[in-house]
Amino acid sequence: MIKYLLKRIMAMIPMLIGITMISFAIIHIAPGSPADLLIQMNPKASPDAKARLRAYYGLDKPLPVQYYYWLKRIAVLDFGFSFSPDGRKVADKIFERMPVTVTLNVLSLLLIMAVALPLGILSSMYQHSFLDKCATVFVFLGFAWPSFWLALLLMMLFGVKLGWLPISGLTSLNHDTLSVLGMAADYGRHLLLPVLVSAFGGLAGMSRYVRSSMLEVIRQDYITTARAKGLEERSIIYRHALRNALLPIITLLGLSVPGLIGGSVIFETIFSIPGMGQLFWASAMSRDYPLIMGMLVIGSGLTLMGNLIADLSYALADPRIRVK
Amino acid sequence: MKHAFARAQAISQTVLACLLLLLPGITAFAGAAGQVAEDSADPAHGDTFIDSSIGDASTLIPILASDSASHSVAGLIYNGLVKYDKNLNLIGDLAESWEILDKGLTIRFHLRKNVLWHDGHPFTSRDVLFTYRTMCDPKTPTAYADPFLQVKDARALDDFTFQVHYAKPFAPALESWGLSVLPEHLLKDKDIVKSELSRHPVGTGPYIFQSWESGAKITLQANPRYFEGRPFIDRYVYRVIPDSATMFLELKSGTIDRMGLTPMQYTRQTDTPYFRQYFKKYCYLSFSYTYLGYNLKNPLFKDSRVRQAISCAIDKQELIDVVHMGLGQIATGPYKPGTWVYNPQVKRYPFNQHQARELLSKAGWADHDGDGVIDRDGTPFQFTILTNIGNNERAKCAEIIQYRLAQVGIRVKIRIIEWASFINQFINQRRFEAVILGWTIPQDPDLYDIWYSGKTKPEELNFISYSNAEVDGLLIKARNTFDQNERRKYYFRIQEILAEEQPCTFLYVPDALPVISSRFHGIEPAPIGIDYNFIKWYVPKQEQKYVP
């Protein structure tokens, strides 16, 4: 097992280097450089100023040299400084945004699981029933409904018409003066709509997976056996069928790890949430190379980790895989 | 807001174009609602003003920033030596007065005494000298170094006198000293880019920095020791709301106090009794214009008759009516109507398709083969208009122009490209036939960089490659003259030539459409816009909303 683990981790290193090399190349091939964007079309900026900026950012060196320097720093986990005018540390910029995005995504994932699991199980138990059809329509409605539109409609209803919830942002103006409990409530009120809207869009995938994997398990011989020996339906479903049906969900969860830190631009923009999605978008538009690369490395690292964890927990959960 | 540089920038992406709506301009019309109770209430201290923006500031050291969000916030924290008053005249800010000596070669500033930095340290001429040196330092990644590199010698004569000497008279020099003065005691011998000050600025201005939540909001607190008097509004919050639909909902629910409206919102969505009661809308010409620029190196556009014909074939009022819901004015040149430098007497090109066809046929273009497209020597007249993604107004203009030009037999294609690629691959390499873009109209009329024939190298701003010896001469004379009347003569002539030659078709000057919560009093629209007297805005005691 440990040998297997080590082997997997070793295999991740060349993969990571490959990913960074390709992303580095693509980003630098994209037309424009941070120096351009700072002073482009600005009557007060001379080409001389531009050359100065280029040299300042080290963009006057050949690309492989730039890559080498970057790789050397990244090897000791130094992500460098952002090219944006504030010149802050890339790591600071990323880790200041990450908690918001992770909180939001974890809450929404929990909500998805809380709704999709029962929904999927019920759908499979009563396949082709009216309930199954309603659930199908409901989850696909969520999947197909543009989230930004739903978000705006809900904001209009709860924010403007009824005045129950704040429209956007994360905290109220008087947030700092509130008690701890008040602060938590304030966050809750701000997060309610974003979590609801993003979970609504994600229900379809998860509930369908649960449904189909349950259907598959229910048709297995051991379920028939369980039924034949007169077990209660509840215990058949929850003790025998569900446990086995949940195996593929582990993989699905493992694969959603990178999704937890990568926010959605549209979503964060609509709700004015200062998260990872907006940061990535802004850094791409301003060609902030160190920041883009920093986020890509963290993102791809987490994806690989997610895969690994999924594989490992799969092995832990399923004795058949462990034996192999 | 007060900062001269914010306006000196070109209109770039939508981000900037939208933020530009916050910039000052002339009052054409002040909102009908709310003016009534203006003088009945007493000014009072207190309350919070919540401003909104679609983009976050990048750094609060203004010399390093090139986005208007940073300049808006920093404008409340820092001061320059000079600033523009409400009628667009330069007046003293940190400088009490100044003298122009040696026929314009030397400027001597007499600084205000008893001005304190927000941390209590006294302000002196050493801070000004330090700021100047920082600007000229090749290690400072600033886009605004140019006017300071013209300085031959700068010195602090005593604690409150600062003198600069130029090699030749340079009229835009005075304006350039509107740059934010930085505190020497906090920045000396430090790398300015990595300085704490970019996140925690310390200035001399009316508001003191309090906190900054990245991507969410920046909070400022009134400076009780401000040299022009403590501002009435106690707290200023700059909220970042990247989506304009969300921003509008926030406005309606009363959680922000100001936003820039779109023409559609201004005319169709804000005319309700509720809105009239709680908000005041303003509408005045913005400091920018939109134009159709031709690549003058392209043989298609070499003949000025062709350019004039295209100008005749475009109905500019139609563009304003359709794209801006009628909120704007036809542009006749690179200056804003109503300012001292604007020449209203230049040649105009009213919509006239007949005249357009006539001019084209004089230039040899006619529909010889009967396919509906005019041609000359067997080549049909067709070209592509480029513009950037994210600016719907420009895309709409392009479509209307395409339709109108088709009517006189010119075939137009439209291509819309992402900003960075647009500039790099097309503008800088001169790989375009025509573009729709906008320029900000700076307060100082010097347009040397845009129209001078020597400024056509790659990456320089005369990318349409305009060249006219008389204009060149006038541009140089005008920038070496301090006398406004004389300068005006030169710029009037330049506008006549540009109007005659039509190196680009000047389309329109759009209106700025800010809306502000009606509990704020003391807003007096002026030629420069509304922001100039922000520290005098107030909320009467009984109307205050955010009471600690």
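The values are calculated or read from the model by the stated rules, or taken from the named source; none is laboratory data. Computed from a prediction, not measured in an experiment: that's the story for all the values here. When we count neighbours, we look across all protein chains shown, and the Cβ atoms used for this are built from the backbone with ideal geometry, even at glycine.
Residue pairs whose Cβ atoms lie under 8 Å apart, separated by 6 or more positions or on different chains, with the first residue in the stretch A:1-30 and at negative phi and the second acidic (D, E), are A:R8/A:D311. Candidates in the stretch A:92-109 are the residues that are surrounded by fewer than 18 Cβ atoms within 10 Å (Cβ to Cβ) and under 17 Å from A:F280 (Cβ atoms); of these, the one that is farthest from the other protein chains (Cβ to nearest Cβ) is A:V102. Taken residue by residue, the stretch A:287-303 has at least one member that is within 14 Å of chain B (Cβ to nearest Cβ) and either surrounded by fewer than 19 Cβ atoms within 10 Å (Cβ to Cβ) or outside any helix (DSSP H, G or I) (or both).
In the stretch A:1-44, the residue that is modelled with the highest pLDDT out of those that are outside any helix (DSSP H, G or I) and more than 30 Å from B:S176 (Cβ to Cβ) is A:A30.
Reported count of residues in the stretch B:133-146, each being within 8 Å of another protein chain (Cβ to nearest Cβ) and surrounded by 13 or more Cβ atoms within 10 Å (Cβ to Cβ), is 6.
Please work out if B:K455 is farther than 21 Å from B:K297 by Cα and not acidic (D, E). No; evaluated as a whole, the condition is false for this residue.
For the stretch A:119-175, a residue qualifies if it is hydrophobic (A, V, I, L, M, F, W, C), surrounded by fewer than 20 Cβ atoms within 10 Å (Cβ to Cβ), within 14 Å of another protein chain (Cβ to nearest Cβ) and not in a helix (DSSP H, G or I), and the qualifying residues are A:L162, A:W164, A:L165, A:L173. Say whether the condition of being closer than 30 Å to A:K72 by Cβ, in contact (Cβ under 8 Å) with a residue 60 or more places away in the chain and among the acidic types (D, E) is met by at least one residue in the stretch A:300-314. Scanning the stretch A:300-314 turns up no residue that is closer than 30 Å to A:K72 by Cβ, in contact (Cβ under 8 Å) with a residue 60 or more places away in the chain and among the acidic types (D, E). When A:K229 is tested against (1) under 25 Å from the mean Cα position of the chain (by Cα); (2) more than 14 Å from chain B (Cβ to nearest Cβ), only condition (1) is not met. Every test in (1) more than 14 Å from chain A (Cβ to nearest Cβ); (2) farther than 19 Å from B:L60 by Cα; (3) out of contact with any strand residue (DSSP E or B) (no Cβ under 9 Å at 6 or more places or on another chain) is passed by B:L149 save one, and that test is (1). Right, A:D318: more than 17 Å from the chain's Cα centre (by Cα) and within 14 Å of chain B (Cβ to nearest Cβ) or not? No; evaluated as a whole, the condition is false for this residue. The residue list A:P47, A:P64 contains one member that is more than 25 Å from the chain's Cα centre (by Cα) and either closer than 30 Å to A:T136 by Cβ or at pLDDT 85 or above (or both), which is A:P64. Residues in the stretch B:518-532 that are out of contact with any Lys or Arg (no Cβ under 7 Å at 6 or more places or on another chain) and part of a strand (DSSP E or B): B:H521, B:G529. Screening A:S198, A:S168 for residues that are polar (S, T, N, Q) and more than 26 Å from B:D47 (Cα to Cα) leaves exactly one candidate, A:S198. Within the span defined as the stretch A:176-186, one or more residues are within 12 Å of chain B (Cβ to nearest Cβ) and either in contact with a helix residue (DSSP H, G or I) (Cβ under 9 Å, 6 or more places away or on another chain) or part of a helix (DSSP H, G or I) (or both). Taking the stretch A:68-86 as the search range and keeping residues that are part of a helix (DSSP H, G or I) and charged (D, E, K, R), which one is farthest from B:W212 (Cα to Cα)? Of everything passing the filter in the stretch A:68-86, A:K72 is farthest from B:W212 (Cα to Cα).
Yes/no per residue for (1) crowded, with 21+ Cβ neighbours inside 10 Å; (2) assigned to a strand (DSSP E or B):
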position	(1), (2)
B:K152	no, yes
B:V164	yes, yes
B:K168	no, no
B:V181	yes, no
B:L186	no, no
B:G203	yes, no
B:S211	no, yes
B:L220	yes, yes
B:E228	no, no
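Here the stretch B:331-365 is the region considered, the condition is being more than 19 Å from B:E318 (Cα to Cα), among the small types (G, A, S) and over 17 Å from the mean Cα position of the chain (by Cα), and the residue that is surrounded by the fewest Cβ atoms within 10 Å (Cβ to Cβ) is B:G364. Looking across the stretch B:300-344, the residues that are farther than 15 Å from B:Q502 by Cβ, among the hydrophobic types (A, V, I, L, M, F, W, C) and outside any helix (DSSP H, G or I) come down to B:M325, B:L327, B:W340, B:V341. Scanning the stretch B:25-63 for residues being more than 25 Å from A:P85 (Cα to Cα) and either in a loop (DSSP other than H, G, I, E, B) or modelled with pLDDT under 50 (or both) gives a total of 22. Regarding the stretch B:94-105, can at least one residue be identified that is more than 10 Å from every other protein chain (Cβ to nearest Cβ) and touching a Gly at 6+ places or on another chain (Cβ under 8 Å)? There is at least one residue in the stretch B:94-105 that is more than 10 Å from every other protein chain (Cβ to nearest Cβ) and touching a Gly at 6+ places or on another chain (Cβ under 8 Å). Against the list (1) closer than 30 Å to B:R239 by Cα; (2) assigned to a helix (DSSP H, G or I); (3) touching a Phe, Trp or Tyr at 6+ places or on another chain (Cβ under 9 Å), the condition A:A315 fails is (1).
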